[in-house]
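Taken together, the values in this text are just the output of simple stated rules run on the coordinates, not laboratory data. Note that the structure is predicted; figures quoted are calculated from it, not measured. Quick reminder, even Gly has a Cβ in these numbers, built from the backbone with ideal geometry, and neighbours come from all protein chains shown.
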Amino acid sequence: MFRWSVRIFLLVLTLSLTGVSILGSMSAVSILGNEDNVNIPSGPIDANLNISNVNEMYFRVPFNVTNVGFFDLTNLRIEFSVTMVYDHVNLTGIGENITSSAIVFNKATVFPPIPNGQTYNGLFNASSGDGFLPINFPNATTEIDWYRTPYAVEFYADFIVSASYSLDLISFSVELFNISVGNLPHL
């Protein structure tokens, strides 16, 4: 009798884990199967890109994530980095400026769990001292070629969205690269 009880328990346990894995996989596929389920940005990006005063710079990026699966979405983490592209003034040779890039912002934030069937509308906020890397900014008056066209300075964002699913058994990640978040015009 004890042997049969153990066998039945193991069968139920195995079937339960198999069911959780199948439903979790289907849920992850359904979330990533429709591009409208993960929207970053979900609206216009609000940014102050005044590189002359890094202390006043900020980014506000709206986003939404819809959980169309069977389980809660947990460990929602968004990493946001911004690269600044500009022509570095070459003082040794006229007209020989070098296109340079510098990562001027990098921040990761963890958001609350999203219950199944729900949409989380969030706002990724960053202000000076909160992810900005002042050491990476070039000197705006001596190092940037303000006559570069079409823009003197361009800003591009990279987003990495990751989350866990099915009782944290399945993890996934969505990566978006080189999304324009703004520019500064040439003189």
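Brief remarks on what is shown
- Across the chain, the fraction of Cα-Cα pairs farther apart than 25 Å, rounded to a whole number, is 50%.
- Extension gain, HIS88 to PHE172, is 26.4 nm, computed as 0.36 nm per intervening residue step minus the present C-alpha separation.
- Net charge of Cβ neighbours under 12 Å - reference ASN90; Lys, Arg +1; Asp, Glu -1: -4
- Net charge of Cβ neighbours under 14 Å - reference ILE160; Lys, Arg +1; Asp, Glu -1: -1
- Two-site label geometry, ASN53 and LEU15: point separation in nm, points 7 Å out along Cα→Cβ: 6.8 nm
- Normalised radius of gyration (Cα atoms, divided by 2.2 N^0.38 Å) for the range 42-136: 1.47.
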